[in-house]
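> Pasting in a structure now, in structure tokens, and then I'll have a few things to ask.
The values are calculated or read from the model by the stated rules, or taken from the named source; none is laboratory data. Please read these numbers as outputs of a predicted model, since none were measured by experiment. As a convention, Cβ positions derive from the backbone with ideal geometry for all residues, glycine included, and neighbour counts pool all protein chains shown. These area figures cover heavy atoms from the full protein model, side chains too; ligands, DNA and RNA do not enter into them. Shrake-Rupley method; radii C 1.70, N 1.55, O 1.52, S 1.80 Å.
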Amino acid sequence: GPSVIALSAKSGPGSEPNSEDEADATGKRRRHGRGSGKENELLSAAPKAHPVSGEPRRIQTDVLQAQALVWKLDAEKGIEDNVLSSVDQDKLDAEKSHGGSMGPIVIIRGLSTVKGLEGVELLDTILTYLWRVHGLDYYGMTETNEPKGLRHVRGESKSYGGANVSSATEWEKKLDTLWQGRLQRQDPLVEMTAKDKIDAATIEALDPFVRKIRDEKYGWKYGCGAKGCTKLFHAVEFVHKHLKLKHSDLVMELTSKIQEDLYFQNYT
Ligand SMILES: [Zn+2]
């Protein structure tokens, strides 16, 4: 069922035991991390995104795009009320009225602390969440069922320096096209195949041909509802099976109607 994702300041991303893949733009140890040689080693081993990813302009865009992905992927999995995809609308409005152009800020409320996440810090928290919970490597432009190995980290803005404009544009276009497409698409695992749809609709269509009968001695019985048939069964599935075997004309008529309806929905 739906679950609530809550981040508290106490159990925030920096204090999780497996935060080796946390990295900031400069490759420095995060200030709230317990830095270790292993951490830095893993960080330098992680594949790097194009250096343009470290540009402040790009970070603003990526915060919004990554937040939208959190919202979308959470919704697909029934995760509700994720603080990472919520936006402090009051603050945004206040900034707008002052002509400010700051990005979103996420307020993390702990038991005794309140912390605002924004910019690079917010982006890294969101990207870590997308990777750990949804197997989405934002900069690596991949999505898997289970995150394995190292995800891509942001490139260093200072190594960009405005050079290589065409490769930067190309990289940004590829990234945005992919994730904008993902935001508009159904989860491939949720999308039913035509056959699944026909099967599900057939079961529904067979329902009126199942008679539920309460027997004083044996409890519920299920009778075949085809005209002139008096067969009784212990479960609904057996009636369906019987209908398909013994009343195939009737079932074929129903399925061809369903196929027509599906075709009509899909292609008209
Ligand atoms: Zn029958």
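> Hey, could you check region 227-249 for residues that are within 41 Å of the chain's Cα centre (by Cα) and within 14 Å of the ligand (Cβ to nearest atom) and say which is surrounded by the most Cβ atoms within 10 Å (Cβ to Cβ)?
Filtering region 227-249 down to residues within 41 Å of the chain's Cα centre (by Cα) leaves 234-244.
Next, from what is left, pick out any that are within 14 Å of the ligand (Cβ to nearest atom): 236, 238-244.
On the way: VAL236: 15, PHE238: 15, VAL239: 25, HIS240: 20, LYS241: 12, HIS242: 18, LEU243: 22, LYS244: 15.
In this case the residue turns out to be VAL239.
> Right, next: When you look at SER19, is it open to solvent by less than 50 Å² (accessible area, probe 1.4 Å), at pLDDT below 75 and either more than 22 Å from GLN184 (Cα to Cα) or in a loop (DSSP other than H, G, I, E, B) (or both), yes or no?
yes
> Take region 77-126 and flag every residue that is more than 18 Å from the chain's Cα centre (by Cα), assigned to a helix (DSSP H, G or I) and at pLDDT 80 or above.
Within region 77-126, GLY119, VAL120, GLU121, LEU122 meet the criteria.
> Tell me the residue from LEU183, LEU175 that is at pLDDT 95 or above, away from the ligand (no atom under 16 Å from the Cβ) and either of a type in the set (Ser, Thr, Tyr) or surrounded by 11 or more Cβ atoms within 10 Å (Cβ to Cβ) (or both), please.
Values: LEU183 fails: at pLDDT 95 or above.
Exactly one residue qualifies, and that residue is LEU175.
> What number goes with the only condition from (1) open to solvent by 50 Å² or more (accessible area, probe 1.4 Å); (2) near the ligand (Cβ under 10 Å from one of its atoms) that CYS224 does not pass?
The one condition CYS224 does not meet is (1).
> Among the candidates LYS197, LYS217, single out the residue that is over 30 Å from TYR138 (Cα atoms), more than 11 Å from the ligand (Cβ to nearest atom), in contact with a helix residue (DSSP H, G or I) (Cβ under 8 Å, 6 or more places away or on another chain) and modelled with pLDDT under 85.
Numbers: LYS217 fails: in contact with a helix residue (DSSP H, G or I) (Cβ under 8 Å, 6 or more places away or on another chain).
None of the other options fit; the residue is LYS197.
> Taking only pairs six or more apart or across chains, which ones have beta-carbon atoms under 8 Å, a first residue in region 198-219 that is within 16 Å of PHE233 (Cβ to Cβ), and a second residue that is open to solvent by 100 Å² or more (accessible area, probe 1.4 Å) and modelled with pLDDT of 80 or more?
Qualifying pairs under 8 Å: LYS212/TRP220; ILE213/TRP220; ARG214/TRP220.
> I'd like the full set of residues that are touching a Leu at 6+ places or on another chain (Cβ under 7 Å) and under 16 Å from ALA201 (Cα atoms), limited to region 216-249.
Listed by number, the residues that qualify are HIS240, LEU243.
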